[in-house]
1. Using alpha carbons only, how many degrees (0 to 90, rounded to 10) separate the axis of helix A:30-39 from the longest principal axis of chain A?
2. Would you mind checking which residues have amide H under 5 Å from B:I15's amide H? H placed 1.01 Å from N; only 5 or more apart, or other chain.
3. With a ≥ b ≥ c the root eigenvalues of the C-alpha gyration tensor of chain B, is it rounded (a/c under 1.5), prolate (a/b larger than b/c) or oblate?
4. Tell me the Kirkwood hydrodynamic radius of the range B:107-161 in angstroms, computed as one over the mean inverse distance between distinct C-alpha pairs.
5. Just to confirm the number: angle between the C-alpha axis of helix A:83-98 and the first principal axis of chain A, 0 to 90 degrees, nearest 10?
6. Could you pull out which residues in the range A:165-180 have an amide N less than 12 Å from a spot 7 Å beyond the Cα of A:A291, following the Cα-Cβ vector?
7. Return the percentage of antiparallel bridges among DSSP beta bridges fully within the protein assembly as shown, rounded to the nearest 5 %.
8. With loop defined by DSSP as not H, G, I, E or B, and exposure as at most 14 other Cβ atoms within 10 Å, which is the longest segment of chain A clear of exposed GluC sites (Glu not before Pro)?
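Only the coordinates and a few stated rules stand behind these numbers; no lab work does. Note that the structure is predicted; figures quoted are calculated from it, not measured. Methodologically, a virtual Cβ is constructed for each residue, glycine included, from the backbone with ideal geometry; neighbour enumeration extends over all protein chains shown.
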Amino acid sequence: MQSDGTPGALQQGHAGQCLVATGDWTLVHYATLCGEVERNRGAEALELDQVLRLDTAGVVLFARLLGVERLRLVADGDRSLSAERRALLRTVCDALDKVQQQPEQRAPSALTDGLARIGQAVQLHLQNLVGLLGFIGLTLAIAARLIWRPRRWRMNALMSQIQYTGLNALPIVALLTFMIGAVVAFLGATVLDAFGASVYTVDLVAYSFMREFGVLLAAILVAGRTASAFTAQIGSMKVNEEIDALRVQGFDPAEWLVLPRVLALLITLPLLAFVGLVSGLLGGGLVALLALDIPLGRIMAIYRDVPLQHFLVGMGKAPLFAFLIAVIGCREGFRVSGSAESVGQHTTSSVVQSIFVVILVDALAALFFMEMGW
Amino acid sequence: MSERREGPLEPGEPIIQVRGLQNRFGEHVVHDRLDLDVMPGEILGVVGGSGSGKSVLLRSIVGLLRPSGGEVSMLGEQLDQLSERRRVLLERRCGVLFQQGALFSSLNVTQNVALPLREHLQLPRAEAEHLAEVKLALVGLPPHAGRLAPSELSGGMIKRAALARALALDPDILFLDEPTAGLDPIGAAAFDQLLLTLRNAFGLTVFLVTHDLDTLYTACDRIAVLSGKRVLVADTLSVVAQTDDAWVRDYFHGPRGRSAQLAAHATREA
């Protein structure tokens, strides 16, 4: 490919119908040459012996002008061309035979396209849901099979997952719930002050964190932090064919990879939720103490008098969230196929799905517990 | 791929000229005062034991690696003295086939080949993809392969698709890093033939790093042996095979070398 030289042109030859190609017919001049070819559509014959440089792009354009068959006749018949040039013409003609001539242009209809896309999306989500239920079933089946055999729990993997998903997540969970606790307290103070009831700020913080925020915030953080990690870990093993390697050696990838992760999260998320709860109460309490001048004894008394059921309602959701997050993260990892881009897509998808599911289940649970009067 | 070569290159002048090339990584010296010429229109096979710096040589010629010393000139221009713009123009005249193909996994095969056409030459999409399909057919891929993602291709198809991408801009020089490694013998032999066909049609110069003795016997015009941090010998196969060196002897006259020689003779007679 060279940048200099004169772009090719087509000229009317002396002998009637015949066109004469001159100049360079190369990729750099493609746009000019395209126009030249369009102007001379339907030519019958072509002389190529005055062409200076020629490459595949030039030959493709000649073929567009003459048709592949006629160009092949030129290549075979024109003795004035060098052997290399005829070889080039023939090779590209052979290749063109295998390609449909013109790039087809499909006229997209906005309406049908839109409908088709909606249909595909619905179908995809239904399939996804069925697949997720299937994976949950598979995980439960393996867990049921192995629950009585602790020796096959993969203790090393379990411990390292506990460290990674639990211990390492501790600071961020504590810090964020602390801050949200303070924010809730400020919010309560602003609203309740109008009724002269700012002392109830402490009740607001206590009830909201025990029932909802402690576990919900911890679950959302874990969903963002751990579900993505599970997907990326398992996904890159899939890309690297390590999953297949496990399978052919007679190991069950779900037993090796899914179970330790699910168990680890079942252990750590309730603990993280408890830490979140306590640190939220701390944050709220600190604001009540310093900004609202509520005495410490009063705050502690309110915390102590919250009925136990609220704590249980909150913490009871933690194992459910843990299971859902771990299962979604692992399943998305197994759905990765072949490429680096796919790992990225499924990691995103696992975070979005797990946060969505956590909030959805939490909303349903809130409704249920309220109706039950718990 | 323009089959007439013009510009600053004199007739008889090498298209790639490596002089006194030095490459070292920390204490480890890979090349020391290495000289090599590649002539226009030839297929040069570069061989050498594992770790002898074949791929490093290729990388320093195409400019992926800045050599610690010495100079490389290509198409009559010295690489380290070029302005950024001229360097890009020069790079466009080289096509590189990486060992693993290095196809972009987020694009399908046709888009992979069309990418340089669209980006460097601003061709409209339909035109670029049409040219890309021609390139895919040139390297012997079936038409439906263009719509596949790189992860859906077999090893042989990946090499062919990567070759089509290397040929996208009709380069003058083609660099191939172990093109037949990991292919079955039939696929490898077909690749050798494809290489010869393309070279004869387009007048390409090919710089070929390989371990494959069959490729050396069937496709290469000259062979350069890398040994002891420099080019031990660069000449036709018969001359190279006679070189008095332990590695060369083991390589060409070992059991695999002999059988490749026999096979090449048999093909030529048939």
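1. 60
2. B:V38, B:M39
3. Values: a/c = 1.70, a/b = 1.20, b/c = 1.41.
Taking the square roots of the gyration eigenvalues as a ≥ b ≥ c, chain B is oblate.
4. 11.0
5. 50
6. A:179-180
7. The antiparallel fraction comes to roughly 50 percent.
8. Excluding the exposed sites themselves, the longest stretch runs over A:105-240.
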